[in-house]
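In what follows, a structure is listed as structure tokens, so that the remarks can point back to it.
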Amino acid sequence: MKKISIELKNCYWIKKFEYDFDFSTSNIYSIYAPNGTMKTSFLKWFKDYIDENDAINPKDMITWEDWYIKLFDENNKEIDKKIIFPIESLNLDYKSDYSLLLVNKKFKEDYYNIYKNIEESKKKLVLELNKLSWVKKDLIEKTILEDFSYNWNFFDFLNNIDLPKNDYENVKYSIIFSEKAKRLLENPQISSNIKDYQEEYEKTILKYSCFQLGGFTIYQADELFKEIKKSKYFQNTNNKLNLNNKISSLWLNPEIENEVDFRNFIEKVKNEISWNKNLLWIIKDISEWTKDVKEFQEHIEKFWNKFVWELNNKENFKKDLWNFYFSKIKDEIENLNKLYNNWIYKLEEISKQAEKDITIWDKTLETFKQRFDIDFEIDIENKTDVIIWRKIPSLIFRYNIDWKIYEKSKDELLWLNILSWWEKRIMYLLYIIFEIEVRKQKWWKNLLIIDDIIDSFDYKNKYSIIEYLYEIQENNNFKIIILSHNFDFYRNIQMRFNIKSWAILVANKLKNWEIKLINWSDLLNPINDFKTNFLKCEYKKISLIPVARNLIEYIFWNKDYLNENWEKYNYYMDLTQILHIKNNETSAEKLNEILDISFNKENEFNFSWDIIEKIIELSKEKVENYNKNNILKLEEKIVLSIWIRLKSEKFMIEKLKNNWQNIVNILSNIKWNQTRKLYEELKELNLLDENEEKILKSVLIITPELIHINSFMYEPLIDMWDFSLIELYKKVENL
């Protein structure tokens, strides 16, 4: 699996998405996906893709537009579902088969040879039951155990089945007990008809004293005839068969002296039922009521005399119907029972020995405890069942509190609602690690789709997760796509994993809800990129101004300072006058001097143009030439944000000038947060109309804290959708 090509349309709000992930030289892709862009939708689609239910339906439930999904490898072959493992940020319902982790390698071959033989035999039996009942193969075992209220394993159940009591040839369980038929049978009119049928049937059958309801039936008479014929009971003997010793009923139950008479007697009784006018009228009435459920109606019309009277006791009918199916495949059941009984002791022997040995499960748990801070021990309550019967493990969490051990299952802990958000994530992470370790034991390739699994973790545990992911991506059987909206995590992944530059991506949502993945490897260290390439790019050159202002603030503490010639200066205020509208403007010469001090790049900056005019020029150029197939780079967003703030402040100052003469004093009294202070002055003086207020509020939301260094390195600007910034520019331009 060297390449994965993904195409989808109208899936969970993703209007369109197309991308080729090339894993030929890199095992990992890292995608920065701001909230609301694609993460949840992308993961949901992969979950649908691997769902055993073929009715995948990831359509846009709002617009209900046509949708399609495609997932192919480099040979244009559809990707196998089993290789895909979508890892959500949290899913406490997740379950997996950990049996591979519980048995050491030296036992695995014996264990799986035994298990494989039994499973193959069971599959053949299930296939036969599927043909007889029409119940889906993957539901047969579950349905049978539920119908018989049997709580142990399927093999033990098959060792204890009963013989059937009726003839249900051609009667299909899936038709009689479908959801539609179930709702239909709740109709009072049908229930009444079935009751009438039962009473009329009893009258007909009990005329013959040899028959008993729940005892000797027509079906058993048929079976008796087969045995008599097989044993040649009547041939060359004087044997007779008397079905009833009641002398008063001899005219209905004569002595039977040969096979022909016995066969004729059985057919006579069957015909009397089949041609009973009262029964036929009742069946006709039932058929009329069931015409909306065609399969059920046809079943009633064809086989009514085999099962209709049983519908008033559906629970017993289900058992009798299964028992009839079992009678049709007696040989297969006997073979499976023999195989099971011969090997079960060997399986248990392997299981007991496996419990004594250190397994991958134990090593995984030990590694987990070493890496992550947890306050509980973990064990499997039903280890033998997991090993032998591949049952889902029941994890037990042990807490040592004041030297006492308290045990709780996962379900108990969730029901008690005592786990913090962090503890729930730790629990889920453990399940994920187990699943990955299981996949390591198998030969096939794996594709992990990971959606922000580091949320709510402290830094130690966060870096432990990063280290674990690093180890996975070194295994060539694992290909990884990581999606995150946590910029700090995104940058750490890049720095620690040494991801190929072309595999470092950012997701951008276009205005038409199409998703584009764009390479953005320079996000690894944006300030270093600005410093290195500012001579080649005017946007990067201007983006260094807010960086320098923060550096100057840290160095000189925003105070006036006397140099060696006793000249007074305030570099912080000089730079602020570029990022805000002030009474004075900073010259290009002064800006070059400040940048030389800040970045130790003497005589390289050489600003020779009017700074504000250049910001206006670059912003206008970017908006006019904006291409939806690309994304705004960080430096372009910074320049646009600076212009939006400057333009907004200019508008507000002009507004105050026209309505308030003392604007000079207002500006001189604003020491910080100038944009907001100007907005508040206008609000207090009631000088803004509704549209102006709305636009300026957007400016306050987007620009005040974005145009400077913070601990997450421009994350708010990166998160912002391009079209949002472009639209705000246009609105402010029209103020």
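The values are calculated or read from the model by the stated rules, or taken from the named source; none is laboratory data. Worth saying up front: this structure is predicted, and the values here are computed from it rather than measured. Note that we place each Cβ from the backbone using ideal geometry, even for glycine, and neighbour counts take in every protein chain shown. Note: areas computed on protein heavy atoms with side chains; ligands, DNA, RNA excluded. Shrake-Rupley method; radii C 1.70, N 1.55, O 1.52, S 1.80 Å.
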Any chance K568 is at pLDDT 80 or above and open to solvent by 30 Å² or more (accessible area, probe 1.4 Å):
no
Exactly one of L184, L224, L243 is open to solvent by less than 90 Å² (accessible area, probe 1.4 Å), touching a Cys at 6+ places or on another chain (Cβ under 8 Å) and either at negative phi or modelled with pLDDT of 70 or more (or both), and that one is L243
Here the qualifying pairs (Cβ atoms under 7 Å; residues six or more apart or on different chains; first in the stretch 36-50 and within 26 Å of I718 (Cα to Cα); second buried (at least 21 other Cβ atoms within 10 Å of the Cβ) and among the small types (G, A, S)) come out as T37/A507; M38/A507; K39/A33
Just one listed residue, out of K122, K172, is within 30 Å of F216 (Cβ to Cβ) and touching an Asp or Glu at 6+ places or on another chain (Cβ under 9 Å), and it is K172
For the stretch 464-480, check the following and say yes or no: at least one residue is in contact with a Phe, Trp or Tyr (Cβ under 7 Å, 6 or more places away or on another chain), farther than 28 Å from L395 by Cβ, modelled with pLDDT under 75 and of a type in the set (K, R). no
Among residues of the stretch 168-181 being in a helix (DSSP H, G or I) and open to solvent by 20 Å² or more (accessible area, probe 1.4 Å), the residue modelled with the highest pLDDT is S174
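Each row is one residue, and each column tells you yes or no for (1) among the acidic types (D, E); (2) modelled with pLDDT under 75; (3) outside any helix (DSSP H, G or I).
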residue	(1), (2), (3)
K318	no, no, no
F324	no, no, no
D331	yes, no, no
N337	no, no, no
L347	no, yes, no
A354	no, yes, no
W361	no, no, no
T364	no, no, no
K369	no, no, no
Restricted to the stretch 87-112 and to residues being within 22 Å of I480 (Cα to Cα), in contact with a strand residue (DSSP E or B) (Cβ under 8 Å, 6 or more places away or on another chain) and at pLDDT below 85, the residue least open to solvent (accessible area, probe 1.4 Å) is Y98
Residue match in the stretch 381-391 (condition: modelled with pLDDT of 75 or more, in contact with a strand residue (DSSP E or B) (Cβ under 9 Å, 6 or more places away or on another chain) and either part of a helix (DSSP H, G or I) or aromatic (F, W, Y) (or both)):
no
When the stretch 667-705 is checked residue by residue, the ones that are touching a Leu at 6+ places or on another chain (Cβ under 9 Å), modelled with pLDDT under 75 and either open to solvent by 80 Å² or more (accessible area, probe 1.4 Å) or closer than 17 Å to N35 by Cα (or both) are I702
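Can you name the residue in the stretch 518-528 that is open to solvent by less than 20 Å² (accessible area, probe 1.4 Å) and in contact with an Asp or Glu (Cβ under 9 Å, 6 or more places away or on another chain) and is also modelled with the highest pLDDT among such residues? Before the answer, list the steps.
So in the stretch 518-528, the residues open to solvent by less than 20 Å² (accessible area, probe 1.4 Å) come out as 520, 523, 526.
Applying the additional criterion that residues be in contact with an Asp or Glu (Cβ under 9 Å, 6 or more places away or on another chain) yields 523, 526.
Working: L523: 67, P526: 79.
In this case the residue turns out to be P526.
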Do we find a residue being modelled with pLDDT of 80 or more, open to solvent by 80 Å² or more (accessible area, probe 1.4 Å) and on the phi < 0 side of the Ramachandran plot anywhere in the stretch 572-582? no
(1) modelled with pLDDT of 65 or more; (2) open to solvent by 30 Å² or more (accessible area, probe 1.4 Å) all hold for F262 apart from (2)
Those residues of the stretch 113-149 which are basic (K, R) and either in a helix (DSSP H, G or I) or surrounded by 14 or more Cβ atoms within 10 Å (Cβ to Cβ) (or both) amount to K116, K122, K123, K124, K131, K137, K142
